[in-house]
1. So, in the range 1-48, of the ones that are among the basic types (Lys, Arg), closer than 30 Å to GLN60 by Cβ and assigned to a helix (DSSP H, G or I), which residue ends up nearest to the chain's Cα centre (by Cα)?
2. Output the qualifying pairs, or none if there are none: Cβ atoms under 8 angstrom, residues six or more apart or on different chains, first residue in the range 18-37 and under 29 Å from LEU51 (Cα atoms), second residue surrounded by 10 or more Cβ atoms within 10 Å (Cβ to Cβ) and not polar (S, T, N, Q).
3. Restricting the search to the range 44-56, which residues are loosely packed, with under 11 Cβ neighbours inside 10 Å and not acidic (Asp, Glu)?
4. Across the range 1-39, what is the total count of residues that are surrounded by 10 or more Cβ atoms within 10 Å (Cβ to Cβ) and more than 24 Å from LEU69 (Cα to Cα)?
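Nothing in this text is a laboratory measurement; each read-out follows from the coordinates by a stated rule. These numbers come from a predicted model, not from an experiment. Cβ placement follows ideal geometry from the backbone for every residue including glycine, while neighbour counts extend to all protein chains displayed.
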Amino acid sequence: MKLETDGARQWKEMRKKVEEEMSRKEIEAIVYWKGEMEKILQKKPESLGALQIDIKNFIQRMQNRIKVLKSSLQR
């Protein structure tokens with residue numbers, strides 16, 4: 001029985017590296033947005049309305065970032 005070819009082995013190694021890099025990037029993104037949410041929680045808003053505004057602004061920032069990332073993928 002023939003062992004994996006060099007091409008197949010290289011493909012698996014490349015795939016593993018890409019998956020690891022994607023995981024690192026995802027962790028970085030989650031840590032960033034978690035930090036941003038923690039800033040909102042630390043603000044001690046004066047009212048429920050103020051908290052809602054902060055959360056809406058947070059969501060808007062996330063939506064803007066998604067748009068930027070999507071547009072860079074379409075180039």
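1. That would be LYS25.
2. Every condition considered, the pairs that remain are TRP33/MET62; GLU36/PHE58; GLU36/ARG61; MET37/PHE58.
3. If the condition is that a residue be loosely packed, with under 11 Cβ neighbours inside 10 Å and not acidic (Asp, Glu), then LYS44, SER47, LEU48, GLY49, LYS56 are the ones that fit.
4. Of the residues in that region, 7 qualify.
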